[in-house]
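First up is the structure itself, then whatever we jot down about it.
The values are calculated or read from the model by the stated rules, or taken from the named source; none is laboratory data. What you see is a predicted model; the values in this text were computed from it and never measured. Note that each Cβ is placed from the backbone with ideal geometry, even for glycine, and that neighbours are counted across all protein chains shown. Surface areas here come from the heavy atoms of the whole protein model, side chains and all, with no ligands, DNA or RNA. Shrake-Rupley method; radii C 1.70, N 1.55, O 1.52, S 1.80 Å.
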Amino acid sequence: MIDLRSDTVTRPSEGMRDAIAHAPVGDDVYGDDPTVNALQERVAKLFGKEAGLFTPTGSLSNQLSIRTLVKPGEELLTETQSHIVRAELGAGAVFSGITTRTWPARHGILEASAPLEIASPDAGAYLVSTTAIAVENTHNFGGGTVQPLSEIALLRKESLKLGLTMHLDGARIWNAHVATGTSFSEFGSHFDTVSVCFSKGLGAPVGSMMLSTHERISEARRWRKRYGAGMRQIGILAAAVDYALTHNIERLADDHKRAQILAKACAQVSPLFIDPNLAHTNIVAIDVSKTSKSAGELVAQLAEHGILAGAMGSKLLRLVTHMDFDDAQLEQVLKVLPDLLKRSLVA
Ligand SMILES: *Cc1c(COP(=O)(O)O)cnc(C)c1O
């Protein structure tokens, strides 16, 4: 099977398994695991932050981050299709009493004016006060789109004037870096808290990290334990991540190239399906709303040809390229997908 459902489906390479096997470890609840400690320092430094906290998932590092920025009953602004409001099952409300308001953005692409228009800091005694804004980069449900740095910088400048903090959901910030050349410290400089994932395109089996100040990270450390995610000899996971950071960032360019070839092949069948200029990174989001087939039906047809894809609702077919998807598999998909799309237009 060719698996393009997500970039989370990769398996650890020999080199990564070797790094796991030889990792020095200790009990991280006591702060004794040297490998995770070194990793937290490495990633914090990379993003120009004081400290980092390893978490099992990106949802947890997002949630720990926003709860240090937003008190119960206060408000977080985020884009309508963002992971924080669509894919974390209401965690911000359930665990932290955070209320959210959203702004819609075409393909998830940030325009600073949109959140600034709805921001409502110090709203007084009977309206909810906004305290933070979250930005997702790259934007998952937007189709792996990269946020314009100028809009991030503008939003930072204006929101600081309003006394608001900012969180970066950088689950795929690695892809944004490779697509634009923007440094990680530049990305980090615009945000109070950052969440990054290692289990997406970087190919680690487990792991995400929250990055921020010493103070916020020690608060988040207590909450991580309270949520039941204090972990023990996680150096074996941190070693896999360390290996991924060293070996698997630059190669994301290959994933982007293959995604671009897929996007162009779909656009060649009909420009209704996708604008290849919007396939910025490793996600190919194909709009099937103008066809006779639902995304789910196309997923089933692809599966009959040995290709796994994702349906994001009934109208969006999603293919995600990753390190375990090579040129031979790409050729295979190019033999099947354009044909199926063509037939979906007529049948
Ligand atoms: C994958 C992802 C996360 C975190 O997901 P987990 O499955 O909880 O690790 C967060 N934000 C975005 C945009 C993601 O794509």
Selection count, the stretch 71-97, where residues are within 16 Å of the ligand (Cβ to nearest atom) and either open to solvent by 60 Å² or more (accessible area, probe 1.4 Å) or β-branched (V, I, T) (or both): 9
Long-range neighbours under 7 Å by Cβ, at least six apart or interchain, first residue free of Cβ contacts under 8 Å to residues at least 40 places away in the same chain and more than 7 Å from I98 (Cα to Cα) within the stretch 70-88, second away from the ligand (no atom under 14 Å from the Cβ) and assigned to a loop (DSSP other than H, G, I, E, B): T80/P104
Residue check, R101 in contact (Cβ under 8 Å) with a residue 40 or more places away in the chain and either open to solvent by 70 Å² or more (accessible area, probe 1.4 Å) or away from the ligand (no atom under 14 Å from the Cβ) (or both): no
Top-ranked residue in the stretch 104-119 [being assigned to a helix (DSSP H, G or I) and away from the ligand (no atom under 16 Å from the Cβ); ranked as least open to solvent (accessible area, probe 1.4 Å)]: P115
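Filter the stretch 29-50 for residues that are surrounded by fewer than 20 Cβ atoms within 10 Å (Cβ to Cβ) and in contact (Cβ under 8 Å) with a residue 40 or more places away in the chain; which is farthest from the ligand (Cβ to nearest atom)?
Pass one, the stretch 29-50, residues surrounded by fewer than 20 Cβ atoms within 10 Å (Cβ to Cβ): 29-32, 34, 37-38, 41-42, 45-46, 48, 50.
In the following step, the residues that additionally are in contact (Cβ under 8 Å) with a residue 40 or more places away in the chain were identified as 29, 34, 38, 42, 46, 48, 50.
On the way: V29: 21, P34: 24, A38: 22, R42: 20, L46: 18, G48: 21, E50: 22 Å.
Selected residue: P34.
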Members of the stretch 152-169 found to be open to solvent by 60 Å² or more (accessible area, probe 1.4 Å) and within 11 Å of L110 (Cβ to Cβ), listed by number: L154
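Quick one: which helices (runs of 4 or more DSSP H) lie wholly within the stretch 148-253 and hold at least 1 residues that are without any contact (Cβ under 8 Å) to a residue 40 or more places away in the chain and within 15 Å of the ligand (Cβ to nearest atom)? I'd like the intermediate steps shown before the answer.
Details: elements: 149-161, 173-180, 184-189, 214-226, 235-247.
Ranges flagged: 173-180.
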